[in-house]
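Below is one structure; the comments refer to it alone.
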Amino acid sequence: MMAAPMLEVRRISKSFGGTAVLRDVSVALPAGRITAVLGPNGSGKTTLNKILLGLVRPNHGHVLLNNQQVTGSDTYRARIGYMPQAPRFPEHLAARDVLQLVSSLRPHAPHMTLEQLIDAFDLASFVSRPLGVCSGGQRQRVNAAVALIFEPDVLILDEPTAGLDPVSSASLKDRIIAERAKGRAILITSHVLSELEELADDIVFLLDGTVRYCGSQSALRASTGGLSLERSIGALMQSSSIAIAPDTHRTSLHGTRTVEAQV
Amino acid sequence: MNSDRVADQVLTVPSRETFSPGMIGARPVTPRFALVVAVLRAQVAEIARNRWVLAHALVLAVLTEALYQLGGSAPRALSGLLNVVLLLVPLVTTVFGVVYWHTSREFTELLLAQPVPRRALWCGLYLGLATPLVAAFALGITLPLVLHRAVTPDVLPLLLSYLLAGSALTLSFAAIAMWIGAAQDDRLKALGLALAVWFITTVVYDGLVIWLATAYSDWPLEKPMLGFMFANPVDLARTGLMLRLDSAALMGYTGAVLSNVLGGPRGLFLSSLGLVFWIVLPAIAAARAFARKDF
């Protein structure tokens with residue numbers, strides 16, 4: 001049985017300057033599952049992430065944490081860890097300074113000491129070095145540490161392995177899987193479909209600001225004849241309408257659209 | 001419940017076990033002042049090492065030194081610095097503020113994704129931007145005079161007037177820069193807007209006032225002139241400094257009126273109040289824009 005959604009958006013709509021970016025979107029992130037948000041550029045993935053984080057205010061709809069409305073609040077973000085895509089940290093600050101700053105903004109201390117943190121995220125070689133002279137991979141490791149060290153209940157990861165070498169990338173993916181095992185609700189956006197195929201339990205496919213598919217990865221792939229995730233997504237994009245076996249725990253949400261037709 | 005209102009009341013840090021969704025809407029966490037200080041410290045540590053801020057301090061120091069060498073005394077050096085302070089400080093502050101806003105936008109978003117009230121974050125970012133710029137200005141014009149041992153008791157009031165006026169202009173234009181940054185996402189348009197604000201407040205506005213004074217020279221313009229002066233922070237700072245430099249005589253009868261209104265302690269209070277207004281007004285507008293902005 002599927003866990004109750006930990007963080008969700010319900011019937012969200014958002015327009016920028018008259019252009020609708022999200023239309024009546026409902027997405028839930030259940031505990032203990034990894035949900036991948038997919039879609040072409042301009043489909044509304046970033047806006048959805050930002051609405052979940054409170055960086056963008058929806059025109060309509062609500063953000064809920066454990067069924068409590070949190071739209072417009074700031075305290076609920078204590079339950080969320082956010083890893084933005086390739087962040088530009090202040091170039092004169094060191095990783096140590098950034099971790100201390102973020103720690104001072106959170107309601108509770110990290111669950112590990114700085115030394116443990118340095119070991120866990122392999123930061124030792126550059127933790128005191130200005131981030132402006134660190135490599136993209138090193139900055140991404142700091143980025144991951146900022147998101148994960150507070151043991152948040154929800155993780156929002158935007159292109160988490162971008163810029164990482166294969167070893168660091170595999171290590172981060174192992175960590176994400178471990179976080180899922182701890183019962184975290186995890187949302188990932190990534191352009192690397194093989195990575196999502198490996199990690200994601202559920203898929204939310206956005207197109208033109210609407211949810212075109214919301215359900216488990218296995219159901220999506222089964223509905224397209226057992227194709228890989230990449231080919232299944234391709235089939236979704238090519239078809240003017242789709243026939244996906246409804247995934248009851250996901251499509252029961254208000255506003256989630258499951259379009260019935262042929263692939 | 002308004003989370004901002006209760007933010008300062010709750011000082012205890014809950015454990016993970018005690019932090020429940022029921023607390024949403026309250027802030028059972030760090031007091032807002034501590035959040036502001038944390039952001040301010042990080043921002044100061046970053047901006048104080050920025051090469052443009054260091055260059056700002058260096059240029060002011062070199063100009064002060066050059067004017068001191070040419071004039072031979074601190075009052076003459078400060079007199080020569082008048083237009084430098086009035087033109088350079090708003091220009092550097094506005095342009096640097098807007099550029100820095102856009103450069104640090106992604107990090108600001110990372111901070112916004114933490115459980116921090118937006119207004120507290122804005123205060124930290126604003127003070128963190130303005131403090132190194134004020135320090136650069138103060139060091140730039142003070143250090144050469146201190147090294148020449150030219151800061152005597154009779155020079156001190158004039159130097160303090162410069163420091164206050166320059167700091168007020170920095171605080172005011174830093175708030176304007178953050179207002180522009182929050183209002184305009186396009187980096188080039190924001191930069192153009194910053195330059196336009198600087199040009200209007202430092203050049204166009206004066207030209208307009210002079211044109212009005214010439215066109216309506218037969219009319220008693222002293223009181224409207226006072227109004228015009230208070231309507232622009234650069235003019236307010238200029239008039240205040242000119243009165244301290246005893247240059248009011250250059251402005252004829254208008255100068256006499258200005259000297260009468262702004263010359264004594266009452267005038268100092270009024271002009272200070274005017275500059276405080278020009279700090280608070282853009283700061284409130286910028287904080288509101290930041291609080292309502294979609295990032």
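List of remarks:
- Residue check, A:Gly183 of a type in the set (Gly, Ala, Ser) and in a loop (DSSP other than H, G, I, E, B): yes
- Any chance B:Phe173 is surrounded by 23 or more Cβ atoms within 10 Å (Cβ to Cβ) and either farther than 29 Å from B:Thr142 by Cα or among the aromatic types (Phe, Trp, Tyr) (or both): yes
- Matching option when the condition is open to solvent by 20 Å² or more (accessible area, probe 1.4 Å) and touching a strand residue (DSSP E or B) at 6+ places or on another chain (Cβ under 7 Å), among A:Pro84, A:Pro58: A:Pro58
- Flag for A:Val63 being buried (at least 21 other Cβ atoms within 10 Å of the Cβ), within 14 Å of another protein chain (Cβ to nearest Cβ) and over 16 Å from the mean Cα position of the chain (by Cα): no
- The one condition from (1) free of Cβ contacts under 8 Å to residues at least 12 places away in the same chain; (2) more than 12 Å from chain A (Cβ to nearest Cβ) that B:Leu145 does not meet is (1).
- Meets criteria (within 19 Å of B:Val280 (Cα to Cα), of a type in the set (Asp, Glu) and either out of contact with any His (no Cβ under 7 Å at 6 or more places or on another chain) or open to solvent by 40 Å² or more (accessible area, probe 1.4 Å) (or both)) for B:Asp218: no
- Within the stretch A:126-160, the set of residues being open to solvent by 10 Å² or more (accessible area, probe 1.4 Å), out of contact with any Gly (no Cβ under 6 Å at 6 or more places or on another chain), of a type outside the set (A, V, I, L, M) and more than 10 Å from A:Ala95 (Cβ to Cβ) comprises A:Gly132, A:Ser135, A:Glu151, A:Asp153, A:Asp158, A:Glu159.
Residue-by-condition table, conditions (1) within 11 Å of chain A (Cβ to nearest Cβ); (2) out of contact with any Lys or Arg (no Cβ under 7 Å at 6 or more places or on another chain); (3) open to solvent by less than 20 Å² (accessible area, probe 1.4 Å); (4) more than 20 Å from B:Trp179 (Cα to Cα):
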residue: B:Val39; (1), (2), (3), (4): yes, yes, yes, no
residue: B:Trp52; (1), (2), (3), (4): no, yes, no, yes
residue: B:Leu63; (1), (2), (3), (4): no, yes, no, yes
residue: B:Gly72; (1), (2), (3), (4): no, yes, no, yes
residue: B:Arg76; (1), (2), (3), (4): no, yes, no, yes
residue: B:Gly80; (1), (2), (3), (4): no, yes, no, yes
residue: B:Leu86; (1), (2), (3), (4): no, no, yes, yes
residue: B:Tyr100; (1), (2), (3), (4): yes, yes, no, no
residue: B:Arg105; (1), (2), (3), (4): yes, yes, no, no
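- Conditions (1) at the interface with chain B (Cβ under 8 Å from one of its Cβ atoms); (2) in a strand (DSSP E or B): number failed by A:Val56: (2)
- Odd one out for A:Val192 among (1) farther than 21 Å from A:Lys50 by Cα; (2) at pLDDT below 90: (1)
- Where helices (runs of 4 or more DSSP H) fall wholly inside the stretch A:197-263, no range has 3 or more residues that are among the β-branched types (Val, Ile, Thr), modelled with pLDDT of 75 or more and within 21 Å of the chain's Cα centre (by Cα).
- Of all the numbered requirements in (1) more than 17 Å from A:Glu151 (Cβ to Cβ); (2) under 16 Å from the mean Cα position of the chain (by Cα), A:Arg23 misses one, and that requirement is (2).
- If the condition is being surrounded by 21 or more Cβ atoms within 10 Å (Cβ to Cβ) and more than 12 Å from the chain's Cα centre (by Cα), then the stretch B:130-144 contributes B:Ala136, B:Gly140, B:Ile141, B:Pro144.
- Where A:Ala36 falls short, out of the listed (1) modelled with pLDDT of 95 or more; (2) open to solvent by less than 10 Å² (accessible area, probe 1.4 Å); (3) farther than 19 Å from A:Ser218 by Cβ; (4) not in a helix (DSSP H, G or I): (3)
- Pick from the stretch A:210-221, criterion in contact (Cβ under 8 Å) with a residue 12 or more places away in the chain and out of contact with any helix residue (DSSP H, G or I) (no Cβ under 8 Å at 6 or more places or on another chain), ranking: nearest to A:Arg33 (Cα to Cα): A:Ala219
- Applying a threshold of 7 Å to beta carbon distances and a minimum spacing of six or more residues, or different chains, the list of pairs starting in the stretch B:214-229 at a residue that is modelled with pLDDT under 85 and ending at one that is part of a helix (DSSP H, G or I) and polar (S, T, N, Q) reads B:Glu222/B:Thr254; B:Met225/B:Thr254.
- If you go through the stretch A:43-83 and pick out every residue that is small (Gly, Ala, Ser), at positive phi and touching a residue at least 40 places away in the same chain (Cβ under 8 Å), you end up with 2.
- Of the residues B:Arg292, B:Arg266, B:Arg244, the single one that is modelled with pLDDT of 85 or more, open to solvent by 40 Å² or more (accessible area, probe 1.4 Å) and of a type in the set (Lys, Arg) is B:Arg292.
- Only one entry of A:Thr46, A:Thr75 meets the criterion of being more than 7 Å from every other protein chain (Cβ to nearest Cβ) and either over 18 Å from A:Pro152 (Cα atoms) or of a type in the set (Val, Ile, Thr) (or both), and that entry is A:Thr46.
- Matching residues, the stretch A:86-144, being over 24 Å from B:Leu125 (Cα atoms) and either basic (Lys, Arg) or within 10 Å of another protein chain (Cβ to nearest Cβ) (or both): A:His111, A:Arg141
- Scoring A:Thr46 on the criteria (1) among the hydroxyl-bearing types (Ser, Thr, Tyr); (2) open to solvent by 10 Å² or more (accessible area, probe 1.4 Å); (3) modelled with pLDDT of 95 or more leaves a single failure, condition (3).
- Residues that are at the interface with chain B (Cβ under 7 Å from one of its Cβ atoms), assigned to a strand (DSSP E or B) and among the polar types (S, T, N, Q) do not occur anywhere in the stretch A:18-31.
- Taken as a whole, the condition of being under 29 Å from B:Asp235 (Cβ atoms), within 11 Å of chain A (Cβ to nearest Cβ) and modelled with pLDDT of 95 or more applies to B:Gly128.
The values are calculated or read from the model by the stated rules, or taken from the named source; none is laboratory data. Model, not experiment: these values are computed from the prediction. Cβ: placed from backbone, ideal geometry, glycine included. Neighbour counts: every protein chain shown. Heavy atoms of the whole protein, side chains included, go into the accessibility calculation; ligands, DNA and RNA do not. Shrake-Rupley method; radii C 1.70, N 1.55, O 1.52, S 1.80 Å.
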